[in-house]
1. How much length, in nm to one decimal, is gained on full extension between D13 and R201, taken as 0.36 nm per residue of separation minus their Cα-Cα distance?
2. Explain nothing, just the number: dipole magnitude of region 8-103 about its Cα centre with +1 on each Lys and Arg Cβ and -1 on each Asp and Glu Cβ, in debye rounded to the nearest 20.
3. Give me the distance in nm between label points sitting 7 Å out from Cα along the Cα-to-Cβ direction at E101 and A30, one decimal.
4. For E238 and T156 in one chain, what is 0.36 nm times their gap in residues minus the Cα-Cα distance, to one decimal in nm?
5. Show me the three semi-axes of the equivalent ellipsoid for region 209-349, from the C-alpha gyration tensor (sqrt of 5 times each eigenvalue), largest first, rounded to whole Å.
6. Can you compute the modelled spin-label distance between Q187 and D64, with each label point 7 Å from Cα toward Cβ, in nm?
7. In nm, to one decimal, how far is the modelled label at T43 from the one at R342, with both set 7 Å along Cα→Cβ?
8. Highest first, please rank the peptides 240-250, 28-38, 118-128 by the mean number of other Cβ atoms sitting within 10 Å of their residues.
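The values are calculated or read from the model by the stated rules, or taken from the named source; none is laboratory data. Note that this is a predicted model, so its numbers are computed, not measured. Note that we place each Cβ from the backbone using ideal geometry, even for glycine, and neighbour counts take in every protein chain shown. To get the accessible areas, we keep the full protein, side chains included, count just its heavy atoms, and leave off ligands, DNA and RNA. Shrake-Rupley method; radii C 1.70, N 1.55, O 1.52, S 1.80 Å.
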Amino acid sequence: MRTDQLRELLHADGPFVSVYVDASHDTEDATTRNELRWRAAETELAEQGADQATISATGAAVLDPPAVGRAGRAVIAAGGEVLLTEDLPVPPATDLTRWSELPFLLPLLASAAPPVAHVVVLADKVDGELRAVDANGETVQTESAHGSTEDRTTETVRRNAKDVAGQAVHLVEQVDAELLVLAGTVQARTAIQSELPAHVRELVVELDVNATHTGLDDPQVRGGVARLLAQILAERDESALERLRVGRAHGNACEGLAEVTEALRSGAVEAVLVTDPTLGGRSVWRGADPTQLATRPEQFGEQLVERRADEAVPVAALETSADVLVLTGAATVSDGVGALLRFSPPAQV
């Protein structure tokens, strides 16, 4: 899910239904189980005051089967229409339904951390299969390399490895990859590595999975790649928290709901960092402009409404083209929210 898609959502009129459910289809009774789960969510939304047209549209989107396997589903709807449907790589720990004046986006943002551009190569002595994923999470290219099956001499294996390595380098450069995963036979992985230039070899992590007969969609390959990507995302989280710690000492970051809302009002936020996805259950005061947020109503001289902070803060951030990073580690910040700044906001009078 790209943030520019979410920004389009912000211009819709509410109130909104926001639903996050387990939509897995990994058992024989999955369809029945998901229908029962939706009935419970439907009842809950009706009790919250959602209109029937929007509930019905949401239900149709929730029950539309995703790909086979474990998955979650996010649906946001308003005015009887579905505005967004997104399959999530991991089901939510518990189903969540909300009817509110603003869309609830934090669970979606939490499941859609900025993707890691990467290339995956699966090879044996003869064949190679390659896939490149860009920084938007889009598969931009899948390629195959087929060498000679007649001649399996050392020279032929080297030549085949050189061909696969050349394609891998091209894809790494095309998507500006942070990671190059090599899977397949030990001999093929070693031969391909030897043909890579040094700057690409630095990106390589070998995956000890020989699934050349089942291909890149083999569960062991997909699972191994997912674990490697999760490690990179965890390192990103730690790097962001370190930037927050250092930035506070130099006026380039802030922490806590009061300081973050002040920075959002000034358009100073580069990225909002969230360590508590409920922001402590707190509320903020919101003006006509989505970025006009404050923790006290007397900070504005205009008509204000009280809104949940976990809805209003992400909306304000996206309105100013700021990133929203939901950090999954154990570290926390004051009020569960901090911000990296483009510049220091002016002092408030």
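1. The span from D13 to R201 would gain 62.7 nm if fully extended.
2. 160 debye
3. So the label points at E101 and A30 sit 4.0 nm apart.
4. Values: separation 82, 0.36 × 82 = 29.52 nm, distance 4.47 nm.
Extra length from E238 to T156 when fully extended: 25.0 nm.
5. Details: eigenvalues 262, 55, 30 Å².
Result for region 209-349: semi-axes of 36, 17, 12 Å.
6. 4.8 nm
7. 4.8 nm
8. 118-128, 240-250, 28-38
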